[in-house]
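> Got a structure for you, questions after.
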Amino acid sequence: MLKMKKRKKKLGIDNRRSKIGNGLVIFLLLLLGAFMAFPLYYTVIQSIKPSEELFQFPPRLYVIRPTQEHYTELFQLMSNLWVPFSRYLFNTLFVSLLGTVLHVVLAGMAAYPLAKHNFPGKDALFAIILLGLMFVGQVTFLPSFIIIAKLNLLNTYWAYILPNIGVSLGLFLMKQFIEQLPDSLIEAARIDGANEWKIYFSIIFPNVKPAVLTVFIFQFVNIWNGLSKELVYDEQLKVVKVALEQVSASNAYARMGSGMAGSVLLMIPPIVVFILMQRNVVETMTFAGMKEG
Amino acid sequence: MRKKMPYHTKRKIYGFLFITPWLLGFLLFFAVPFIQSCLYGFQDLTTSVDGMVGEWVGLKNFSYALFRDTEFLVQCVGSLRDLVQVPLILVYSVCFALLLKKDYPGRTLMRAIAFLPVIIGSGVLMDIMKTDVFSSSVNGAETTYLFSSSGLTGFFQSMGLPVGMIGFINEVISKIFDLTWRSGVQILLFLAGLHNIPSYVYEAADIEGANALEQFFKITLPMLTPMILLNVVYSVIDIFADFGNAIIQMIYNTAFTNVRFGYSSALSILYFLMVAAVLIILYLVMKRFIVHPEE
């Protein structure tokens, strides 16, 4: 009885506190969110500063006289290039999207038997795949460059796409999610006469949609940001990032502003992809820890 | 085990079929380069007109790295110091995840912001931050002093604060900044872990009269232990494999600036062994604290 009373009293306090608490929580989150959003803000600010403000030292965190001159300059530079800008854009989107889709589908396909089948050497295989998670691309960059050269893939789109297919992260995430699908679902499909192809494409794949979208984002961002300039030297086949680097690097100081503008533009596609799929990502991440039950 | 034998073998075949395309890519662009790079560790490589020529030198590269190179071991020990960040990241991301779990207006937006570092962190943006804002102090993996060159210092000076204090504030701010940008994935994994705790456990604890603090230490924390392990492993790998890391830089420069591919490979193998050892030790220590709620 006494306990109940105490409990009720506490509930009252809790309710009252939760309003102040909410305010505090929001304040804290805003503060930390500001830290996280700062680099984004800074780049955008730098890109709209006129040149005389851009080179001020120490740099200011705000802009006095905003201008879009760097953007117009950038577009002018880009339109004067030998290869039209749309070509670079097409190259980048083509490579990023194809690389991402191939990775997602193939990694999912590999993840399904790893999660739901039993076969000899499964654990060993998975351990090797985990090893792949631990490596930075730079360490194996040289040997893989040689392999690409030996396969005669240098200077083709495939030099960008193929190395990105066998990445461990996507497989690892997909496996974790497929494992959580109830076995009964697959059994039911099998009893109804579906073969493994059918099970994968019409049962597994749609049911791990959040995971698929998460991996899609990870991979798209990775490819978009990670395309290196060493693999392709034909101007027609280069990607936007490399083209922008060439433009701003050819005269680093005079074109610093347009370089900044270019960076802002380059950040847009990953952010757009993220916003489009954000709901699902957060859901996936929430789903990640779920056990079958 | 659930099905009759013939079907079982068929499934195995399907299994291999499904794995093959991905595995081909993995073998070709990770496993083979990795083994190749291990082999380079035992060679002296020189470039000639026919491409690269390797001469087998046995363990020379390794012994040089361990006993003669004045820099490598120092850097290794230095990078171990970065492990201090791991508990900080964990505490911070648990707190952030707890905050994000609550229901309040704008929760979705905050979750999106929490994910921001993952989306753009490794990309163009960080390049700019490193070469521009951090330029005064980019030497290796040391935390970059974000605001030391910016207007904030001037602001504090005009407020009449002593120099030591300004330095301290700068340091704190840049550390917080570093922390927030390293914790994106961890926060989301913890968030997933928090949602995984069934609400009836809390209800029962409520009825029993446990307060919020007790609930956190007796329910939330133990239930999160599997996620903590996962996050420790992730954070350690993330810190050690960071391209800004002094040792990764050293390995990279040895290969591409000094053109000593063999030696660079030896360095990366040694470094990898060290990271693996750290992970195994951490795993063995932490395994004893993991709570399995089902049992």
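> Give the residues of the range A:178-214 that are within 14 Å of the chain's Cα centre (by Cα) and at pLDDT 80 or above, sorted by residue number.
Selection gives A:VAL212 alone.
> Condition first: aliphatic (A, V, I, L, M), more than 30 Å from A:TRP82 (Cβ to Cβ) and in contact (Cβ under 8 Å) with a residue 40 or more places away in the chain. Can you find one or more residues in the range A:232-246 that meet it?
no
> For the structure I just gave you, tell me whether B:SER37 is modelled with pLDDT under 80 and hydroxyl-bearing (Ser, Thr, Tyr). Break it down into steps so the answer makes sense when it comes.
On the way: modelled with pLDDT under 80: no; hydroxyl-bearing (Ser, Thr, Tyr): yes.
No, not satisfied.
> Then there is this: Would you mind finding the one in B:MET110, B:MET129 that is within 14 Å of another protein chain (Cβ to nearest Cβ), surrounded by 16 or more Cβ atoms within 10 Å (Cβ to Cβ) and modelled with pLDDT under 70?
B:MET129
> Would you say B:PHE216 is in a helix (DSSP H, G or I) and modelled with pLDDT under 75?
Working: in a helix (DSSP H, G or I): yes; modelled with pLDDT under 75: no.
Taking the combined requirement at face value, the residue does not satisfy it.
The values are calculated or read from the model by the stated rules, or taken from the named source; none is laboratory data. Just so you know, these numbers come straight off a predicted model, no measurement behind them. In this analysis, Cβ positions are derived from the backbone assuming ideal geometry, glycine residues included, and neighbour counts consider all displayed protein chains.
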